[in-house]
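What follows is a short report on a single structure.
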Amino acid sequence: MRLLPLIAVLLFAGAAGAQSDKPIKVALIGDRTGPLEAYAKQLGTGFRMGLEFATHGTMMVAGRKLEIIDKDSQTKPDVGRNLLAEAYGDDNVDLAIGGTSSAVALAMLPVAQDYKKVLIVDGAVADSITGDKWNRYIFRVDRNSSQDAVSNALSIGKPGVVVATLAQDYAFGRDGVAAFKTALQATGAKLVHEEYAPPTTTDFTAPAQRIFDALAKESGEKILFVIGAGADPMPKLGALDPKRLGIQLATGGAILPSLKAYKSVPSLEGMQGATYYYYAMPHNPVNDWLVAEHQKRFNEPPDFFTANGMITGLALVAALEKTKGVTDPETLIPAMEGLSFESPKGTVQFRAEDHQLLQSMYGYKLQLATDQPWAVPVLTHEFTGADMKIPIANKR
């Protein structure tokens, strides 16, 4: 009766031994050119810092060297899809990481399924990635649209609040508004108007005016909630001074260059929302290391997507340590399902049902008058997984 477990152990050990002299090849595919260039660069920096932290500087797991192959998907879905096929096929990588843009990530998902190799989505937020477009080879480290939506709804929603949304007209924006609308209903607030603008929009006067006109017909506390990526619309919206119309602005978190631009826009004082990360919010040993090391190396604190990238590196090493360096998907996938590990945001966990990473989000209130060269999001509340109750969207 004990022969089968013994055989399984021997097979596992044999597989590990057969691979032990080969490097673990990982493709890192990011949108390093195009509107999300800043995000992709932060993700790459954070990823390598995560590997360094988790391997104590050796860049080895279970006796195997980590070999990273960088590729630029240029914020183009067809390029991302082709690069992933190239990585799996020609480069023979063991697994891949990528998808800064939701559009690029969605194009990559079927490739992972076709090649039957793991893809860790790092940066892209659309719910459909771990929802109706998901397959079992996909894991997502970043927050999803529902985590953004629920935490922001909890931050600004309450009875008597009326909300209009402005979002980019592609999967990221539309998934975000859909999730936000559902989450907002539970708070007693009311969504009264939706606007969508092309991702390349730079003049927001027309959509803003339509929103102002719609909110003028409403009574109560009025909020314009913005979902955006790439070029940040908040300074231009703030310059329209919606406060003169009794309208407050709200949005999710921003990277430091955006926060620097916010500081010179008086109408953004006191703006509320919920963010994925701001370096001064979490207090734990991993974040302490990230902040100190990043400051030492780059003379500035780590940014929003730097933390995101570090979590990806930590996830990769935690998974490979659990499998003792075995990268076969049929070993790696069950090892990652339910996997929890420590991160700059505290303890995080891949949900077994949809491979979405569950993690805290941070409610904030924006403060302009600070000794920093940027506006500071001051922590108001940490929203945990228990607070947010993120729905399982896929039909596994």
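No value in this document is a laboratory result; all are computed from the given coordinates. Bear in mind the structure is a predicted one, so any value in this text is a computation, not a measurement. Glycine gets a Cβ as well: all are built from the backbone with ideal geometry, and neighbour counts include every protein chain shown.
Below is a table of values for the structure above.
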item: Nearest-ten-degree value, helix 285-298 long axis tilted from longest Cα axis of the chain; result: 80 degrees
item: Those aspartates and glutamates that a straight Cα-Cα span of less than 16 Å connects to K263, excepting residues fewer than 8 apart in one chain; result: D232, D241, D371
item: Residue pairs, from the table K117/K324; K133/K324; K76/K236, whose Cα atoms sit over 20 Å apart; result: K133/K324; K76/K236
item: P(r) tail fraction, the stretch 136-203 - alpha-carbon pairs more than 13 Å apart, %; result: 65 percent
item: Among G173, G34, G325: highest mean-square fluctuation, GNM of the chain, C-alpha pairs under 10 Å; result: G34
item: Peptides ranked, highest mean first, by Cβ atoms within 10 Å: ranges 332-344, 86-98; result: 86-98, 332-344
item: Protection proxy ranking, peptides 189-201, 148-160, average beta carbon neighbours within 10 Å, highest first; result: 148-160, 189-201
item: All aspartates and glutamates inside 14 Å of K158 as judged from Cα atoms, apart from same-chain residues fewer than 8 positions distant; result: E221
item: Neighbour net charge for A375 - beta-carbon separation under 13 angstrom, K R +1, D E -1; result: 0
item: Pairwise label distance in nanometres, E337 with D70, each label 7 Å out on the Cα-Cβ vector; result: 3.6 nm
item: Helix-only mean residue ellipticity at 222 nm for the chain, each DSSP H run of n ≥ 4 adding -39500 (n - 2.57), per residue, nearest 500; result: -12500 deg cm²/dmol
